[in-house]
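Laboratory data are not the source of any read-out in this text; all were calculated from the coordinates shown. Only a predicted model underlies this, so the values are computations on that prediction, with no experimental measurement involved. Positions of Cβ are backbone-derived with ideal geometry, glycine not excepted, and every protein chain shown enters the neighbour counts.
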Amino acid sequence: MKVLKFGGTSMANAETIKKVAKIINQDEKNNRFIVVSAPGKREKSDTKVTDLLYAAYKDIHVFPAIEKRFNELIAGLDLTLLNLSEEYNIIKANIEGGASAEYLASRGEYLSAKILAAYLGIEFIDAAELIKFDADGKFDAVQTQAAASKRLKKSVRAIIPGFYGKDTSGEIKTFSRGGSDISGAIIARAVSADIYENWTDVDGFMVCDPRTVPNAEIIDVLTYKELRELSYMGASVLHSESIFPVREADIPIHIRNTFNPAAKGTLIVPTKKYFDGLYARSSRTVTGIAGEKGFIALTLEKSMMNVEVGFAKRVLEVLEKHGISIEHMPTGIDTLTVIIDGEGIDKQLLFDVKKDLNSACSPNRYTVEQNLSMIAVVGHNMSRKTGTAARLFSALSKASVNIRMIDQGSSELNIIVGVEDNDYETAIRALYEEFKND
Ligand code: ASP
């Protein structure tokens, strides 16, 4: 059994919704629970319905534009029996009655699901019945699992709006933007789906960011661990929180393209199942390359650091005191480097950290390097193939990229290199070219 989730571009207009319906109807038996986003952009300059709804919260005069978008869908799909006027009136009355921005934003998914349910003649189930938030507005996984699995057992097939649920006082709560991905994953877990299909507008997860390498290849198989490494370094197709519900339940995610259903897409598989041979392993040496700019390296040098008990602890305590979290920590015999994210770190803070490190650790030398990029080269197969690291470093050297730091994760799943921000794009391209054919 499958759970399918369709994103905003798939729900953008009547034509795209017809494509969605065709995909769903291709396998009526297995395609049982469908989660949808609000209608997204029809073309680049268009506005997403969710953005219109946030705007309508500030200015009710925007609301007719929203009604128009939904009415166009109804007309385009020839849904002569569906009239949403009553729904619009309820929403407008709720806004006047002081309903929250989250409630209003959620109505995009609500109405979008109503339309698809009517078009397919399938049951509509309100996400408020299934997805639960606690009194503090935090997602409640336990209550949700109980409510959703119980309710969905009673349904053969259903269309469910993404993005929102209900808290203990009955208020509508939304996830962060792009959160319908999370709803889909939660529903997949609740019904113990065999697979969670996430239908979007790209052919899959690319080996590296297409803004740096246009036409980068699509990754066919990716494990959850590899995805985690790549997403941590900024690669995104899915909402990052959407991974956890399905990962915990060992359910694979299949990213597919509504506009090119023949494409293979990217299959994200539970790491253990992949190693147990339950899924075809990728033959790629390097599964993906991702990176981010703007890191800072703080390096402490001290003779005989290796025998000084508690040195690292004192460094970490200073950073903790200043609320700074650590991204990486490569060490040498007499050196210790801490890599931190440069966002929100100003001159004053760096000065205070330096002062405290000097008094807590008395290093012989302390250096700060700013504008560093971290690039992660990720792949389970890297550790099995000799010479991978050598190829990686020589590719960077041929491209005249100076490597400032190397950190091989203990998972042997990745090699992280630090380069100057100015070299970031060159480095990514060089690494892509080196590994693209194997
Ligand atoms: N409609 C919401 C948004 O635009 C949620 C989603 O589409 O996933 O962020």
(Q) How charged is the neighbourhood of V286? Take every other residue with its Cβ under 15 Å from the Cβ of V286, and add Lys/Arg as +1 and Asp/Glu as -1. (A) -1
Q. Relative to the longest principal Cα axis of the chain, at what angle does helix 49-58 sit, 0 to 90 degrees, rounded to 10?
A. 90
Q: Treating the angle as unsigned and between 0 and 90°, give the value, to the nearest 10°, between the Cα long axis of helix 180-190 and the longest Cα principal axis of the chain.
A: 80
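Work through the residues other than T223 whose Cβ is under 11 Å from its Cβ and net out their charges, Lys, Arg +1 and Asp, Glu -1.
Details: positive: K225, R228, R247, K272, K273, R281; negative: E226, E229.
Taking every other residue near T223 into account, the sum is +4.
How big is the C-alpha Rg of the range 357-421 next to the rule-of-thumb value 2.2 N^0.38 Å, as a ratio?
The range 357-421 yields a ratio of 1.40.
Kirkwood hydrodynamic radius, the chain, all distinct C-alpha pairs: what's the number in Å? Don't jump to the answer; show the numbers that get you there.
Values: mean 1/r = 0.0415 Å⁻¹.
One over the average 1/r among Cα pairs gives 24.1 Å for the chain.
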**Q.** FRET efficiency for K58 and K321, using Cβ-Cβ distance with R0 set to 41 Å, rounded to 0.05
**A.** 0.50
Q. Taking the Cα centre of each part, how many Å lie between the range 198-257 and the range 53-76?
A. 32
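Going by average Cβ density within 10 Å per residue, which order do the peptides 426-435, 323-332 take, highest to lowest?
Working: 426-435: 20.8, 323-332: 13.9.
Highest mean packing first, the order is 426-435, 323-332.
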Q. To the nearest Å, what is the center-to-center distance of the range 98-127 and the range 382-438, using C-alpha atoms only?
A. 46
Q. Cα to Cα, under 27 Å, and not fewer than 8 places away if on the same chain: which lysines meet these conditions relative to K29?
A. K2, K5, K18, K19, K114, K150, K153, K154, K264, K273
Q.
Net charge around E129, counting only other residues with Cβ within less than 15 Å of its Cβ (Lys, Arg = +1; Asp, Glu = -1)?
A. +2
Q.
Sorting check: for 176-187, 382-393, 113-124, which peptide has the highest mean count of neighbouring beta carbons within 10 Å, and how do the rest follow?
A. 176-187, 113-124, 382-393
Q.
From zero outward in steps of 10 Å, how is the percent of C-alpha pairs of the range 9-106 spread across the bins?
A. 14, 42, 33, 11, 1
**Q.** Stokes-Einstein D (µm²/s) once Rh is taken as the Kirkwood radius of the range 53-208 over alpha-carbon pairs, at 10 °C in 1.306 mPa s
**A.** 95
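Starting from the range 253-362, pick out the trypsin sites (Lys or Arg not before Pro) whose DSSP state is loop and whose Cβ has at most 16 other Cβ atoms within 10 Å.
Values: sites: R256, K264, K272, K273, R281, R284, K293, K302, K313, R314, K321, K347, K354, K355; in loops: K264, R281, R284, K302.
Within the range 253-362, the qualifying trypsin sites (Lys or Arg not before Pro) (loop, at most 16 other Cβ atoms within 10 Å) are K264, R281.
Can you pull the Kirkwood radius for the range 201-328, inverse mean 1/r over Cα pairs, to one decimal in Å? Provide the component values of the computation, followed by the final result.
Numbers: mean 1/r = 0.0573 Å⁻¹.
Hydrodynamic radius (Kirkwood, Cα only) of the range 201-328 equals 17.4 Å.
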